[in-house]
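Since the structure comes first, as structure tokens, the remarks are kept for the end.
The values are calculated or read from the model by the stated rules, or taken from the named source; none is laboratory data. Please read all numbers here as calculations on a predicted model, not as lab measurements. Glycine also receives a Cβ, built like all others from the backbone with ideal geometry; neighbour counts cover every protein chain displayed. Quick note on the areas: whole protein, heavy atoms, side chains included, nothing else; ligands and nucleic acids left out. Shrake-Rupley method; radii C 1.70, N 1.55, O 1.52, S 1.80 Å.
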Amino acid sequence: MTLVRGEGVWLYDDHGNRYLDGYNNVPVLGHAHPAVAQAIGRQQALLNVNTRYLHPNVVELAERLIATMPPGLDTCIFVNSGTEAVDLAWRMATEFTGYTGAIITDWSYHGISAAVSDFSSNDWPAGFSPGHVATFAPS
């Protein structure tokens, strides 16, 4: 299947067939949301860098997010992918706890980096089980 575009919750292939997208990260706004596309275009026309460079929009977003959190949750770290988010969370958790084991749901996917690929049990070859990762069946 070759997907060529998305709109809302729908994906379209190169033959014009429509598929409900229940897999990709679009549950809130969907694909090609006009307001999001316009905001991305405005930012791209202004500055195209990641958040390692400070910009007032990044600070404003962090402050707005933190304002919705309970006391004690006062830090934002912006990443560019789910893999990067899981990788960073794993690094922080192991540093904070001193532990190196993980528990994941069976047939889960958590990324492809060297640090977290063992957490993606859906990609494990038959008989493979990393020693530091335990699985459980989701209920």
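Each residue in region 102-123 was checked for being open to solvent by less than 50 Å² (accessible area, probe 1.4 Å) and assigned to a loop (DSSP other than H, G, I, E, B), and 6 pass.
Residue by residue, here is whether (1) out of contact with any helix residue (DSSP H, G or I) (no Cβ under 7 Å at 6 or more places or on another chain); (2) among the polar types (S, T, N, Q); (3) touching a residue at least 24 places away in the same chain (Cβ under 8 Å) holds:
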| residue | (1), (2), (3) |
| --- | --- |
| G30 | yes, no, yes |
| A37 | yes, no, no |
| E63 | yes, no, no |
| T68 | yes, yes, no |
| W90 | yes, no, yes |
| S113 | no, yes, yes |
| P130 | no, no, no |
| A137 | yes, no, yes |
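F96 meets each of the listed conditions (1) part of a helix (DSSP H, G or I); (2) in contact with a Phe, Trp or Tyr (Cβ under 9 Å, 6 or more places away or on another chain) apart from (2). F96 meets each of the listed conditions (1) in contact with a helix residue (DSSP H, G or I) (Cβ under 9 Å, 6 or more places away or on another chain); (2) open to solvent by 60 Å² or more (accessible area, probe 1.4 Å); (3) not basic (K, R) apart from (1).
Just one of the listed residues (V49, V86, V36, V58) is in contact with a Gly (Cβ under 6 Å, 6 or more places away or on another chain) and among the hydrophobic types (A, V, I, L, M, F, W, C), and it is V86.
Within the bounds of region 26-45, is there any residue that is open to solvent by 70 Å² or more (accessible area, probe 1.4 Å), part of a loop (DSSP other than H, G, I, E, B) and over 30 Å from S121 (Cβ atoms)? Yes, that holds for at least one residue.
Considering every residue within region 68-82, establish whether at least one is open to solvent by 70 Å² or more (accessible area, probe 1.4 Å), part of a helix (DSSP H, G or I) and either of a type in the set (K, R) or more than 28 Å from S139 (Cβ to Cβ) (or both). No: region 68-82 contains no residue that is open to solvent by 70 Å² or more (accessible area, probe 1.4 Å), part of a helix (DSSP H, G or I) and either of a type in the set (K, R) or more than 28 Å from S139 (Cβ to Cβ) (or both). Based on what the data block shows, is V49 aliphatic (A, V, I, L, M), in a strand (DSSP E or B) and surrounded by fewer than 11 Cβ atoms within 10 Å (Cβ to Cβ)? The answer is no for V49.
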